Amino acid sequence: PSTNHITSRKRKEDLEVCHVILGELEAHRDSWPFLEPVDRAKLPEYFRVVKKPMDFQTIRCKLRDGRYSCREAFASDSRLVFSNCLFYNEDQSKIGMAGHSMKNFFEKRWSELNR
Ligand SMILES: Cn1cc(C(=O)NCCN2CCCC2)ccc1=O
């Protein structure tokens with residue numbers, strides 16, 4: 001039995017699931033609004049209302065830097081991308097529809113890989 005939060009093998013398995021899902025999110029046709037942080041210069045008001053901005057590039061860097069302790073921390077940041085989007089954008093807007101599409105895709109794949 002390991003002493004740390006999760007065994008190194010479990011941690012490795014956790015991170016593999018995250019790499020698989022993140023790759024699929026980045027490759028998805030509806031990922032375009034989420035690939036990079038919202039541009040503070042173009043949309044300053046975004047940062048006045050969205051308290052915790054998040055995007056796939058930031059998640060990729062955190063994953064690469066070993067800053068996710070477990071797969072649930074990765075899932076939490078992924079869900080933050082979608083909740084920010086649905087908070088800021090109308091459902092029927094192009095970005096709002098992309099947010100719904102990507103959220104549904106994420107939750108389906110997350111449940112499949114965690115069954
Ligand atoms: C997630 N999200 C993104 C934006 C946005 O403008 N992203 C830039 C999208 N562009 C497409 C091609 C280059 C960049 C606005 C509101 C929002 O909630």
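The values are calculated or read from the model by the stated rules, or taken from the named source; none is laboratory data. Just so it is clear, the structure is predicted and the values come from calculations on it, not from any experiment. Cβ sites come from the backbone with ideal geometry, for glycine too, and all protein chains shown count toward neighbours. To get the accessible areas, we keep the full protein, side chains included, count just its heavy atoms, and leave off ligands, DNA and RNA. Shrake-Rupley method; radii C 1.70, N 1.55, O 1.52, S 1.80 Å.
By the equivalent-ellipsoid construction on the alpha carbon gyration tensor, region 19-64 comes out with semi-axes of 22, 12, 8 Å, ordered largest to smallest.
Here the accessible area of the chain is 55 percent carbon and sulfur, with a 1.4 angstrom probe and all protein chains present.
Averaging the sequence gap over all C-alpha pairs within less than 8 Å and six or more residues apart, then dividing by the number of residues, gives region 57-108 a relative contact order of 25 percent. Here the spin labels are modelled as points 7 Å beyond Cα on the Cα-Cβ line, and at Val17 and Phe87 they lie 2.6 nm apart. Dividing the mean sequence gap of close Cα pairs (under 8 Å, 6+ apart) by how many residues the chain holds gives a relative contact order of 29 percent. With the simple model of a label 7 Å out from the Cα in the direction of the Cβ, Glu45 to Gln57 spans 2.4 nm.
On full extension, the segment bounded by Ala73 and Arg29 gains 13.4 nm, given 0.36 nm per residue less the C-alpha separation.
Per residue, the solvent-accessible area of the chain (1.4 Å probe, heavy atoms of protein chains only, all protein chains present) comes to 63 Å².
Annotation: Cα Rg of the chain relative to the compact-globule expectation 2.2 N^0.38 Å equals 1.13. With contributions of -39500 (n - 2.57) from each DSSP H run of at least four residues, the per-residue ellipticity at 222 nm computed over the chain stands at -20000 deg cm²/dmol.
For the chain, a Gaussian network of Cα nodes joined below 10 Å ranks Cys70, Cys61, Cys85 by mean-square fluctuation, and the top entry is Cys61.
Checking the a/c ratio against 1.5 first, then a/b against b/c, what shape does the Cα gyration tensor give for region 68-115? Since a/c reaches 1.5 but b/c is at least a/b, the shape of region 68-115 is classed as oblate. Evaluated with a Cβ-only charge set (Lys, Arg +1; Asp, Glu -1), the chain carries a dipole of roughly 340 debye about its Cα centre, given to the nearest 20.
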